[in-house]
Amino acid sequence: MSLSLIGIIFVQIYFIDNTLSNEKKQFTLNVKRALSNVSKLVEDREFKLYSDKYQEMLNSGKSPDTTNIRGILLYSYDDVSNETTVYQNGILEESFKVPSLFFDIGGLDSLNISRITNQKEMKVFKKNTFENTINIAPEKTISEYRRMDELDKKMFEISYRDLFNNYPIYKRIKTEDIERYLSRQFNENGIEIDFEFAIYDKDLATKVQSSNFDLDPATTYGVPMFLNNNNESNFNLYVNFPERRKFLWSSILTMTVLSIIFTIIIILAYTNAIYQIIKQRQISQIKTDFINNMTHEFKTPIATINLALDAMKNPKMIEDKEKTARYLQMIKDENKRMHAQVENVLRISKLERNELNISKDRVKLHDLIEDAISHVELIIEDRQGYVNADLKAEKSSVLANETHFTNVLVNILDNAIKYSDDAPKIDITTENVGNNIIVKIADHGNGMSKQVQKRVFEKFYREHTGNVHNVKGHGLGLAYVKRMVEDHQGHVSVESEKGKGSTFIIKLPLIS
């Protein structure tokens with residue numbers, strides 16, 4: 001069971017860790033995709049604006065500032081048809097200077113924009129056989145004039161990138177636009193948390209950044225922006241998420257919480273099962289000890305009674321009234337002793353079933369203490385000990401059952417006597433603390449260890465001394481004391497040190 005439980009816990013931890021790792025990978029993938037889209041959007045936006053500027057210039061019909069013509073001229077003569085063909089293919093590059101109205105380019109007044117066109121022409125001349133000269137007027141002329149779309153587009157892109165490659169980034173894009181693009185892309189990719197961003201020129205931060213951005217290589221994501229004609233760039237768009245960890249955990253929070261709750265339930269159930277097994281084992285051992293002690297306690301009086309009865313069967317003993325009375329008293333005492341042990345067991349059982357009828361009356365606790373002392377006085381005197389009563393409490397009126405609470409005090413005194421190897425020395429004191437009366441019964445006996453103190457009020461519990469039972473008992477007296485004091489809305493505790501004696505402290509509420 002333990003190995004299985006540990007295995008389940010480790011599987012749960014592995015599963016949660018693996019899920020979190022997958023969430024991190026998916027998060028990184030979504031962020032990279034969003035950043036790439038933003039980078040492309042920004043570049044497309046700038047290119048479109050530049051293209052619109054170019055188209056506006058073309059539509060205006062403005063004359064070029066400079067013109068460059070490059071071409072090929074080919075001649076061919078056909079003997080059969082007596083015709084000369086002239087083929088001409090020319091490339092026309094026109095450069096325009098237009099005002100820099102859209103971009104604020106560091107003090108420059110204009111932009112250089114080029115337009116490239118292609119002109120093809122073919123002329124056929126009829127040769128004069130008599131004069132052997134070319135006729136000035138051609139017989140046929142084929143002309144073709146068109147824009148070079150693909151070449152024009154490619155050269156346009158190249159010129160655009162070359163033109164803006166070194167412009168300050170804050171003049172090319174605004175912080176608000178970047179933030180808007182990022183927000184939209186992150187929302188589309190399911191990343192709905194706060195973020196900070198910045199555009200860096202090489203390793204230097206630019207003005208295009210949010211107020212709280214902090215470049216941390218461990219948690220910052222980045223993509224290049226504004227690639228040049230060599231697919232390289234000095235600009236990088238970076239973004240980080242202050243609540244990234246919280247966002248990742250929130251995605252698996254429900255599963256994690258449920259997993260933890262169910263694991264805790266399993267652990268509690270398992271712990272309770274182990275506890276019950278250990279408890280049942282302890283109870284079984286205690287019951288075995290109790291039966292052994294009870295058997296030993298009953299064996300002696302039964303043997304004594306049997307011996308007394310056998311002696312009384314002797315005819316000579318019947319005539320000896322003094323010995324007969326002695327044996328009869330012995331039988332009565334041993335019978336009373338067994339009856340008292342049975343009563344202790346029955347009393348505890350009734351207490352646990354709440355069947356013991358305890359009526360309470362107003363009594364003086366000092367009177368109960370003196371009555372309890374009188375019950376043990378002869379035993380203490382026989383062992384040459386003493387009981388000192390220092391009853392200083394000014395108020396001692398409590399609501400209690402006289403008989404049962406006297407038994408409580410007698411049981412504590414009886415323990416003090418039994419667990420004193422030498423002459424029993426007992427001190428009883430009382431004092432008022434607030435609306436309570438405190439009774440302390442201190443002895444100078446054997447004392448008990450800390451471990452025994454914790455369990456001394458448990459039913460059937462006795463300190464283990466092997467198979468030697470120097471002190472007879474069943475572990476019921478102090479259990480009865482605790483239950484009875486608590487039934488009187490009081491509290492009982494013990495302070496003890498091995499070899500230096502014990503002090504039992506009873507606290508009861510006073511009545512006016």
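The values are calculated or read from the model by the stated rules, or taken from the named source; none is laboratory data. Only a predicted model underlies this, so the values are computations on that prediction, with no experimental measurement involved. Every residue, glycine as well, gets a Cβ built from its backbone with ideal geometry; the counts of neighbours run over all protein chains shown. Quick note on the areas: whole protein, heavy atoms, side chains included, nothing else; ligands and nucleic acids left out. Shrake-Rupley method; radii C 1.70, N 1.55, O 1.52, S 1.80 Å.
Can you list residue pairs whose Cβ atoms sit under 9 Å apart, with the first residue in segment 7-24 being open to solvent by 90 Å² or more (accessible area, probe 1.4 Å) and the second being at pLDDT 85 or above? Count only pairs 6 or more apart in sequence or on different chains.
Qualifying pairs under 9 Å: Phe15/Ser259.
Leu351: modelled with pLDDT under 80, in a helix (DSSP H, G or I) and surrounded by 15 or more Cβ atoms within 10 Å (Cβ to Cβ), yes or no?
So Leu351 fits the description; yes.
Any residue in segment 366-378 that is within 55 Å of the chain's Cα centre (by Cα) and not in a strand (DSSP E or B)?
Looking for residues that are within 55 Å of the chain's Cα centre (by Cα) and not in a strand (DSSP E or B), one finds none in segment 366-378, hence no.
Got at least one residue in segment 299-318 being modelled with pLDDT under 75, surrounded by 11 or more Cβ atoms within 10 Å (Cβ to Cβ) and closer than 29 Å to His404 by Cα?
Looking through segment 299-318, at least one residue is modelled with pLDDT under 75, surrounded by 11 or more Cβ atoms within 10 Å (Cβ to Cβ) and closer than 29 Å to His404 by Cα.
Name every residue in segment 224-276 that is open to solvent by 80 Å² or more (accessible area, probe 1.4 Å) and either part of a loop (DSSP other than H, G, I, E, B) or closer than 30 Å to Leu204 by Cα (or both), in order of residue number.
Once the filter is applied, which keeps residues that are open to solvent by 80 Å² or more (accessible area, probe 1.4 Å) and either part of a loop (DSSP other than H, G, I, E, B) or closer than 30 Å to Leu204 by Cα (or both), segment 224-276 yields Asn230, Asn231, Glu232, Pro242, Glu243, Arg245, Lys246.
If a residue must be among the basic types (Lys, Arg) and buried (at least 16 other Cβ atoms within 10 Å of the Cβ), how many such residues does segment 34-55 contain?
Within segment 34-55, residues that are among the basic types (Lys, Arg) and buried (at least 16 other Cβ atoms within 10 Å of the Cβ) number 1.
Which residue out of Val208, Val239 is within 17 Å of Gln26 (Cα to Cα) and of a type in the set (A, V, I, L, M)?
On inspection, the qualifying residue turns out to be Val239.
Within the set of pairs 6 or more residues apart or between chains, which connect a residue that is more than 19 Å from Thr28 (Cβ to Cβ) inside segment 188-204 to a residue that is aliphatic (A, V, I, L, M) with Cβ atoms less than 7 Å apart?
Ile199/Ile169; Ile199/Val208; Ile199/Met225; Ile199/Leu237; Asp201/Ile169
Please go through segment 491-512 and give me each residue that is within 19 Å of Ala416 (Cβ to Cβ) and within 42 Å of the chain's Cα centre (by Cα), ordered by number. Don't jump to the end; show me each part of the working.
Step one: filter segment 491-512 for residues within 19 Å of Ala416 (Cβ to Cβ), giving 492-507.
Within segment 491-512, Val492, Ser493, Val494, Glu495, Ser496 qualify.
Tell me, which residue of segment 390-421 that is in contact (Cβ under 8 Å) with a residue 12 or more places away in the chain and exposed (fewer than 14 other Cβ atoms within 10 Å of the Cβ) is farthest from Met448 (Cα to Cα)?
Glu394
Conditions first: (1) surrounded by 13 or more Cβ atoms within 10 Å (Cβ to Cβ); (2) polar (S, T, N, Q); (3) modelled with pLDDT of 65 or more; (4) out of contact with any Leu (no Cβ under 9 Å at 6 or more places or on another chain). Gln185 passes all but one, so which condition is the exception?
The one condition Gln185 does not meet is (4).
Looking only at segment 277-298, which residues are at pLDDT 80 or above and open to solvent by less than 80 Å² (accessible area, probe 1.4 Å)? So that I can check it myself, show each step before the final result.
Restricting attention to segment 277-298, the residues satisfying the condition of being at pLDDT 80 or above are 277-281.
The one that is at pLDDT 80 or above and open to solvent by less than 80 Å² (accessible area, probe 1.4 Å): Lys279.
For segment 378-388, enumerate the residues that are without any contact (Cβ under 8 Å) to a residue 40 or more places away in the chain and loosely packed, with under 14 Cβ neighbours inside 10 Å.
Correct list: Leu378, Glu381, Asp382, Gln384.
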